[in-house]
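See below for the structure under consideration.
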Amino acid sequence: MRAVFTITGIVLVLFAALLLKTFHDAGEFKRIVSRCECVCVGHKGLPGTEDITVDPETRLAYISVDDRRAAMEGKAVQGAIYGFDTRSAASVPFRLTENLPFDFHPHGIGLLRGGEKRLFVVNHRGEGHFVEIFAVHRDRLVHLESISGPLMHSPNDVAAVGPRAFYVTNDHGNTSAAGKIVEEYLQLKRSHVLYYDGTAFRRVAGRLGFANGVAVSGDGGELYVASTVGRGLRVYRRDSENGALSARLSIDTDFGTDNIEVDADGSLWVAGHLRMLTFLRHAADSSVPSPSKVVRIELKEGGKYAIHEVFQDDGERLSASSVAAPFPGGFLVGAVFDERFLVCGEGGR
C-alpha cells in the first residue's frame, strides 16, 4: 500500500511539474505592461487581419482578412484581400478581391516584387489547402493560379521567390486533430517548411515548433521562419538555384512569434503572442483579451542580433497581434481575430 501511495505521489508531482512548465513556457506568468513610443489609430470593421505586407514602391498595404470566429461557429464568411494606402492619414481600406469562383479564407500572404508583381495567398478552402497566385493591379487583384499538393497539409504562411516558386510553412507535422493538440501542448518540433519550385513540393527544413510566418531577405539569400512554440526565429541561408536551405542562426524572442516582415534596411518586424494559453482562451471567447507584442530585430555580423521592442499591449487596444508591417514613418499591426487593425506612428528605431 505504501508503494502505491509513493508511486501516486511521484506521478502527481511530475504532472504538477509538467503543468507549471507548460504555463511558464506559454508566458502565462509574465507581467504585461502596455507601452509604445507611438500614436496608434484603430480601423474597425475587418475581422481577422491576420497578415499584412506593404509594397515599398507604391506604399500600398495588402491585408489578409478572414472572420475566423464565424468559421468556428459554422457560419463561414467569404474572406478577402483589402488594400490600404499608407501615404494618406485619411485612407480607408478597400476590397481588392471580388467574385472569386472558389471558397476564399486567406491566411498568410507574400508579395513578389520585381517585374510583374504577384501576391501569393495561403487559402483554406472547403476541399483543401491552396496557395492562390494573383496578378497585382492598383485597385484589384486578378487570380492567375491555384496550387496544392499532399505535402502541404497545414499551410500557414508563404514567401514568394519567383513567378510560381515559393516557400510555405506547415505549422503542424501531424495531420489529425488529436495529433495536432498533442504536438502543441507537448511542444513537439514536428512542423516544417516546404519549397515549391514551380513543379513540385519538397521539404527543405524541419524540426520546428509550430512553423508560422516566413519571409525572404531583400537579396533573396536568406529565409526567416517564425517558430511560435519555439518562441523565436530561425535564419537559413538560401540557395537561389535550387531552393535548398542551411541553418545559420536561431533567435530567441521569448514570446510566441507569428508573422515576419522585412524592412528596407533588412531588419525584421515580428509580431506575436506573450501568453499563448491566453491566446487559446481568446480564440474561444472574444471577451478574453490576449496580449500583443511587436519587436524589430537587427541582424548583425558574426551571428549577432539586437531586439528592440516597438509595441506591447495587454490586449485592450489590440488582442492577439499577428503581424507588424513597416512603412516610412510608421507601421500597421494586424490580429488573428480582432475586428480592427492599428496604424501607428513609428517609435522604436
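Each value in this text was obtained by applying a stated rule to the coordinates, not by laboratory testing. Here the structure is a predicted model, which is why all the values come from computation and not from measurement. A quick note on method: Cβ atoms are made from the backbone with ideal geometry, for glycine too, and the neighbour counts reach across all protein chains shown.
Note down the nm distance, to one decimal, between modelled labels 7 Å out along Cα→Cβ at Arg125 and at Glu37.
4.8 nm
Quick check: residue separation of Arg281 and Ser176 times 0.36 nm, minus the Cα distance between them. What number comes out in nm? Numbers along the way, then the final one.
Details: separation 105, 0.36 × 105 = 37.80 nm, distance 2.14 nm.
Taking 0.36 nm per residue and subtracting the Cα distance, the gain is 35.7 nm.
What is segment 240-349's relative contact order, in percent, from Cα pairs under 8 angstrom and six or more apart in sequence?
Working: 232 pairs, mean separation 23.7, N = 110.
It comes to 22 percent, rounded to a whole number.
Which order do the peptides 330-341, 276-287, 165-176 take when ranked by the mean count of other beta-carbon atoms within 10 Å per residue, highest first?
Working: 330-341: 24.8, 276-287: 16.1, 165-176: 21.2.
Packing order, densest peptide first, comes out as 330-341, 165-176, 276-287.
Can you give the Rg and Dmax of segment 89-225 based on its C-alpha atoms, in angstrom?
Every Cα atom of segment 89-225 included, Rg and Dmax give 15.6, 47 Å.
Under 8 Å for C-alpha pairs, at least 6 residues apart: give me the relative contact order for the chain, rounded to a whole percent. Intermediate results must be reported in sequence, preceding the final value.
Working: 910 pairs, mean separation 57.6, N = 349.
That works out to 17 percent.
About its Cα centre, what dipole magnitude does the chain give when the only charges are +1 on Lys and Arg Cβ and -1 on Asp and Glu Cβ, stated in debye to the nearest 20? Intermediate values should be presented prior to the final figure.
Details: 39 positive and 43 negative charges, 156 e Å.
That gives the chain a dipole magnitude of about 740 debye.
Could you work out how much longer the chain between Glu116 and Tyr185 gets when fully extended? Use 0.36 nm per residue separation minus the Cα distance between them, nm to one decimal.
On the way: separation 69, 0.36 × 69 = 24.84 nm, distance 4.27 nm.
That works out to 20.6 nm of additional length.
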